[in-house]
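The values are calculated or read from the model by the stated rules, or taken from the named source; none is laboratory data. This one's a predicted model, so the numbers in the text were calculated from it and none came from an experiment. Note that each Cβ is placed from the backbone with ideal geometry, even for glycine, and that neighbours are counted across all protein chains shown. We work out accessible area using only protein heavy atoms, side chains counted, and drop any ligands, DNA or RNA first. Shrake-Rupley method; radii C 1.70, N 1.55, O 1.52, S 1.80 Å.
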Amino acid sequence: MKKALGLFLGLIGLLIACCVFVLFVPSIGSWENPFSLLANHAQVTATNAAIDVSGMKDKVSSAIEDRKADIAAATGLDESTVDAVVDDLAIDQWEAAVLPEDAVAANTFDGSALGVDGTITTYDDPSYVTVDAYGQTVTLAVPESAQAYVGYLPYVGYLG
């Protein structure tokens, strides 16, 4: 009976140790903690919901629309070209995302030129941009049609 009880308690102890390991070890090698992945997914979902509720995408689109003539004048592009670029930016398709662990930062620059009190980071992979502003860090997935323009973000401050 003592052996069975000892074995049972040992198995319970092992189970508890495994649970603690899974909960508190964020990642080992290429293995991702499923709770960490779930938390990241929940955070991204909540961020996207907040972006949608705030109307942020509409505000950005409106601001760009209001300044198209200024953009054309500053860049020397005709307004039809600016219209095409604005369409390619696909603001309504940008969403918060989890930055892949293997992402390599290409550029980080002061966002004040873009009206953001913080920094903007671009990556070797142009499908991601991270904005760090107002004590919050949000990584955005860039739509494929807009990825060609990510490299120009540092120059936007020179437009105005």
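Applying 0.36 nm per residue to the separation of residue 78 and residue 149 and subtracting their alpha-carbon distance, the gain on full extension is 23.8 nm.
For region 119-155, which chymotrypsin sites (Phe, Trp or Tyr not before Pro) are in a loop by DSSP, counting at most 15 other Cβ atoms within 10 Å?
On the way: sites: 123, 128, 134, 149, 152, 155; in loops: 134.
When the chymotrypsin sites (Phe, Trp or Tyr not before Pro) of region 119-155 are filtered for loop state and at most 15 Cβ neighbours within 10 Å, 134 remain.
Solvent-accessible surface (1.4 Å probe) assigned to residue 54 amounts to roughly 50 Å². Projected label points at residue 63 and residue 45, each 7 Å from Cα along the beta carbon direction, are separated by 2.9 nanometres.
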